[in-house]
Amino acid sequence: MRQEWAGRGGIIKVIASIIRIVTMSQRARKLIFGTILIAAAAFAADTAKPAPTFAKDVAPILYKNCTTCHRPGEIAPMSLLNYKETRPWAKSIKQAVAARVMPPWFADPAVGHFSNDTRLKVEDVDTIVRWVDAGAPEGNPAEMPAAPKYVEGWVLGKPDVVIEMPEAFEVPAQGVIPYKYFSAPTNFTEDKWIRGVEIRAGNRAVVHHIILMLQPAGTPPTGAILPGMQLAGTAPGVQPRFYPDGVAKQIKAGSLIVFQMHYTPNGKAVSDKSYVGLYFAKEPPREIAKGGGILNFGFKIPAGDPNYEVKSNWVAPEDILLTGMTPHMHVRGKDFKFTAYYPDGRSEVLLNVPHYDFNWQLHYTLQDPMHLPKGTRIECIAHYDNSVNNKFNPDPTKDVHWGDQTFEEMMIGFFDYLPDHNPVAKTVAANR
């Protein structure tokens, strides 16, 4: 009986709607019917649109945006170089791109413009979603674009020279391992200009991060990162990159490269022998790449605090061109912001990462280097979740201090810059 009356009620509603339309003015009826016709036409056009195929529509998107990581031997868990490899992951790919989880990118889109922005275009996301909804068809294999060519084992291509740790390190199955340092000779008989550095973990499963430092010939290693001596570093999610055209770093003849290794045992005893590829500049650079870290050693994050704030500051000792920034925290990190306070009283947010992800510590390269006059203060503000609500929190019952290990915390705003040799023109333009 309820179903019968439900059916009758539905019919009565339809009849009532028709009566309302009939009793409307002619102009109102035309407006309603016109709107219906436009919507119907749009629906028909959309449904008539052929479903995207992997060969013609999806493969170009993956090749451009995804396969640097999603290929054999790289950080991603699966390869997406062809249809056979991609098809089993279709639904997961749809979910990840629709939720903007992949490709990973965490900068606030309302702040700044970055040349390495990995976000997919809206139309690319739509194409992938429609492809999966249509059953993820392969399409005509003859329409497949040529797969990108990669040098196996390298993101930047074949390096000019490869330098290994001098010996393998045996990582135990358990325990806390303090940072390990290994010095490897470059054997350079002359000074070398470096335009790119790619660090490769020998055993990615147990290597948390690697920092490379330069040790001048004839000097003992310090076991510390000294100003001007850091060559490069890598951590979860960091991708290698070339310096901008005309920019390089110098390695002096006879220098050694010191590997600072942070190992995290995972329950299985393994061996690691990490290495680095160096890419030489063809000619002396116009500028020498510089960088630094804006950090705070002295914090204490109270047990259970869900939103503890830590600040750090750095003041530019000269006119500089800021080229990029990298926030660094551990598993309690929530968000991170860089703000510039100029000598004339202005302030400007340089980078805002509202949802920090320890597993993807991205570098954000500015699309246009920013002029920061001498005396500009860069303030970094970070927040930490040391509560039970943080599923990655090792122990919410303990206060947390600065420390090397992942279960401790850090607060560093890394940044890259160049000297600014023409500050007057840029200052005038900024003040207009």
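The values are calculated or read from the model by the stated rules, or taken from the named source; none is laboratory data. Keep in mind the model is a prediction, meaning the values are calculated, not measured. Methodologically, a virtual Cβ is constructed for each residue, glycine included, from the backbone with ideal geometry; neighbour enumeration extends over all protein chains shown.
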Can you find a residue in region 170-183 that is small (Gly, Ala, Ser), farther than 28 Å from residue 69 by Cα and not in a loop (DSSP other than H, G, I, E, B)? yes
Six or more apart or on different chains, Cβ atoms under 7 Å: show the pairs whose first residue is in region 198-215 and within 16 Å of residue 239 (Cβ to Cβ) and whose second is in a strand (DSSP E or B) and among the hydroxyl-bearing types (Ser, Thr, Tyr). 199/234; 200/275; 207/263; 209/234; 210/234
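A quick yes/no check of all residues on (1) touching a strand residue (DSSP E or B) at 6+ places or on another chain (Cβ under 6 Å); (2) among the charged types (D, E, K, R); (3) modelled with pLDDT under 95:
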position: 208; (1), (2), (3): yes, no, yes
position: 282; (1), (2), (3): no, yes, yes
position: 287; (1), (2), (3): yes, yes, yes
position: 296; (1), (2), (3): yes, no, no
position: 301; (1), (2), (3): yes, no, no
Residue satisfying all of: in region 307-357; among the charged types (D, E, K, R) and under 19 Å from the mean Cα position of the chain (by Cα); nearest to residue 236 (Cα to Cα) among these: 357
Being under 19 Å from residue 89 (Cβ atoms) and either hydrophobic (A, V, I, L, M, F, W, C) or free of Cβ contacts under 8 Å to residues at least 12 places away in the same chain (or both) is the filter here; which residues of region 136-148 pass it? 136, 144, 147
Please specify each residue of region 345-362 satisfying the condition of being under 26 Å from residue 419 (Cα atoms) and modelled with pLDDT under 95. 361, 362
I'm told residue 264 meets every condition in (1) under 27 Å from residue 358 (Cβ atoms); (2) among the polar types (S, T, N, Q); (3) buried (at least 20 other Cβ atoms within 10 Å of the Cβ) except one. Can you identify the failing condition by its number? (3)
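Taking the condition within 29 Å of residue 185 (Cβ to Cβ) and of a type outside the set (Ser, Thr, Tyr), does residue 317 pass?
No.
Looking at 194, 163, 177, can you tell me which residue is buried (at least 16 other Cβ atoms within 10 Å of the Cβ), in contact with a Lys or Arg (Cβ under 6 Å, 6 or more places away or on another chain) and touching a residue at least 12 places away in the same chain (Cβ under 8 Å)? Don't jump to the end; show me each part of the working.
Details: 163 fails: in contact with a Lys or Arg (Cβ under 6 Å, 6 or more places away or on another chain); 177 fails: in contact with a Lys or Arg (Cβ under 6 Å, 6 or more places away or on another chain).
Step by step, each of 194, 163, 177 is checked, and only 194 is buried (at least 16 other Cβ atoms within 10 Å of the Cβ), in contact with a Lys or Arg (Cβ under 6 Å, 6 or more places away or on another chain) and touching a residue at least 12 places away in the same chain (Cβ under 8 Å).
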Please determine whether any residue of region 197-212 is hydrophobic (A, V, I, L, M, F, W, C), surrounded by fewer than 16 Cβ atoms within 10 Å (Cβ to Cβ) and either touching a helix residue (DSSP H, G or I) at 6+ places or on another chain (Cβ under 7 Å) or not assigned by TED's automatic domain parsing to the domain that holds residue 262 (or both). no
Which of (1) within 30 Å of residue 267 (Cα to Cα); (2) in a loop (DSSP other than H, G, I, E, B) is the odd one out, the single condition residue 158 does not satisfy? (1)
So which of 385, 399, 395, 404 ends up being acidic (Asp, Glu) and at pLDDT below 95? 404
State whether one or more residues within region 323-334 are more than 17 Å from residue 106 (Cα to Cα) and crowded, with 17+ Cβ neighbours inside 10 Å. yes
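Before we move on, is residue 321 in contact with a helix residue (DSSP H, G or I) (Cβ under 9 Å, 6 or more places away or on another chain) and over 16 Å from residue 196 (Cβ atoms)?
So residue 321 passes the test.
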Of the residues in region 230-247 that are farther than 28 Å from residue 331 by Cα and touching a residue at least 24 places away in the same chain (Cβ under 8 Å), the one that is surrounded by the most Cβ atoms within 10 Å (Cβ to Cβ) is 243
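Within region 368-384, is there a residue that is under 18 Å from residue 311 (Cα atoms), touching a helix residue (DSSP H, G or I) at 6+ places or on another chain (Cβ under 9 Å) and among the aromatic types (Phe, Trp, Tyr)?
No; the residues of region 368-384 include none that is under 18 Å from residue 311 (Cα atoms), touching a helix residue (DSSP H, G or I) at 6+ places or on another chain (Cβ under 9 Å) and among the aromatic types (Phe, Trp, Tyr).
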Within region 93-106, does at least one residue satisfy the condition of being in contact with a strand residue (DSSP E or B) (Cβ under 6 Å, 6 or more places away or on another chain) and either without any contact (Cβ under 8 Å) to a residue 24 or more places away in the chain or not assigned by TED's automatic domain parsing to the domain that holds residue 351 (or both)? yes
